[in-house]
Amino acid sequence: MDDTVSDEKEAEVRDHFTEQVPKYGGWQCKVEAPMFKGFSDRFTVFPFGRIYLVELKRRRNGRIAHHQSEWAHIMWCLGVDVVYLNSKEEVDRWLATVA
């Protein structure tokens, strides 16, 4: 993630993400896991079984909490990539690498 500051709200980044993923051949949905504090926001799948858990953060003070890092480590150990994105530009860059 770069260090430039953006005024984009997390909802704007989320809306951009949900609009763009299908354009790159993927599918995504919101993860509702209240019993698992810190679990990623979005379950995202691309062709050929590429699965990602995506956490959308706001640019300012969009810190990754300890329990989020713990979940990311568990998922990584299971072969699932966890991605943290905090701007529309980062969404676009990431999609260009996975599509």
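Figures for the structure shown
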| read-out | value |
| --- | --- |
| Antiparallel bridges, percent of DSSP beta bridges restricted to the chain (to nearest 5) | 65 percent |
| Gyration tensor verdict on the chain (Cα atoms; rounded if a/c is under 1.5, prolate if a/b is larger than b/c, oblate otherwise) | oblate |
| Set of lysines near Lys9 by C-alpha distance (under 18 Å), chain-local residues within fewer than 8 positions excluded | Lys30, Lys57, Lys88 |
| Given charges at beta-carbon only (K, R positive; D, E negative), |dipole| of the chain in Debye | 180 debye |
| Neighbour cut-off at most 15 other Cβ (10 Å), DSSP loop, GluC sites (Glu not before Pro), region 32-99 | Glu32 |
| Exposed-loop-free span, longest in the chain, where trypsin sites (Lys or Arg not before Pro) count as exposed if DSSP calls them loop and at most 15 other C-beta atoms lie within 10 Å | 64-99 |
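Every number here is computed from the coordinates shown, using simple stated rules; none is lab data. Quantities reported herein were computed from a predicted structural model and do not represent experimental measurements. In this analysis, Cβ positions are derived from the backbone assuming ideal geometry, glycine residues included, and neighbour counts consider all displayed protein chains.
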